[in-house]
1. What is the distance in Å between the Cα centres of segment 171-190 and segment 31-100?
2. What ³J(HN,Hα) values, in whole Hz, does the Karplus curve 6.51 cos²θ - 1.76 cosθ + 1.60 give for segment 170-178 when θ = phi - 60°, with x put for Gly and Pro?
3. Once amide H atoms are placed 1.01 Å from N in the peptide plane, what residues at a sequence separation of 5 or more from S166, or on another chain, have their amide H within under 5 Å of its amide H?
4. Assigning unit charges at the beta carbon (Lys, Arg +1; Asp, Glu -1) and nothing else, what dipole magnitude in debye, to the nearest 20, does the chain show about its Cα centre?
5. Segment 12-103: which trypsin sites (Lys or Arg not before Pro) are DSSP loop and have at most 10 other beta-carbon atoms within 10 angstrom?
6. For segment 39-187, what % of the accessible area comes from carbon and sulfur atoms, probe 1.4 Å?
7. Using only the Cα atoms of segment 1-93, what semi-axes does the equivalent ellipsoid have when each is the square root of 5 times a gyration tensor eigenvalue? Give whole Å, largest first.
8. Determine the per residue accessible area of the chain with all protein chains present and a 1.4 angstrom probe, expressed in square angstrom.
Amino acid sequence: MLGQARWVEMLYLLFHEEAPTASQADLLEALAVALANPGPRDSSVHAAMCGGVCGSTAASSLMAALAVGAGQLAGGREVLLAMENWAACGTDLEAWRRRLPVRTASPGSIWPTPEHAPGFDPHGISTATPVRQTLTCLARLSTGSYLCWLEKNLTTLEAAAASPLSLSGVAAAALADLGFTPEQGEMLHLLLRLPGAAAHAMEQRQYGYKKFPFGSVELETDSIQEPA
């Protein structure tokens, strides 16, 4: 395959054991670009930056990013839960209305009960522009039904979830359109977000702790106790 296959084609093949179509490869590649760099405000990237600025090994910085980016808020577990919703509801709008407000943990699961509808941003007021742009781009590339249906019914779904759509929700729909299982989608989401974490960790290692972003602390004078 060396010299014959694109990286995303090899990635798809490893999970599906068959080569993707040209449109599937294009969709997966666009998704990989969208997820590659969540930015320094993302908690998983921030964790990698903490490792980098402290001089931790490359593996430690990436493991920090994976650990923090694995959860139920913009993490891999949220993508799995959102993909389970797609598997259960498909394009049945009434099924989505019934399922989105429900917050239940799987029996025997180590995970706590979700605090918000998977794939939606509990802290958002309206759909972020990058999320809308990503959804539009991926829906145009997809030959599946979920992304286009999500774009068409976005307002109704956001009302049912009482939250705007998040990038993890777009990623879940794209991965479902590509035929990945929820478990595969969770793994791919973790993998595809690592490039940005790695780059920011190395950059912050060069900058040092004095230029670490979002870390300023203001001390109030009256809170300092004078020694007796």
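The values are calculated or read from the model by the stated rules, or taken from the named source; none is laboratory data. Everything quoted here is computed from the prediction, not taken from an experiment. Methodologically, a virtual Cβ is constructed for each residue, glycine included, from the backbone with ideal geometry; neighbour enumeration extends over all protein chains shown. Side chains are part of the model used for accessible areas, which takes the heavy atoms of the whole protein and leaves out ligands, DNA and RNA. Shrake-Rupley method; radii C 1.70, N 1.55, O 1.52, S 1.80 Å.
1. What the calculation gives is 12 Å, centre to centre.
2. 5, 4, 4, 5, 5, 5, 5, 4, 7
3. When sequence neighbours closer than 5 places are left aside, the close amide H contacts are F120, D121.
4. 200 debye
5. Qualifying residues, ordered by number: R41.
6. With neighbouring chains kept in place, the figure for segment 39-187 is 57 percent.
7. 28, 21, 11
8. Counting only protein heavy atoms, the per-residue value for the chain is 56 Å².
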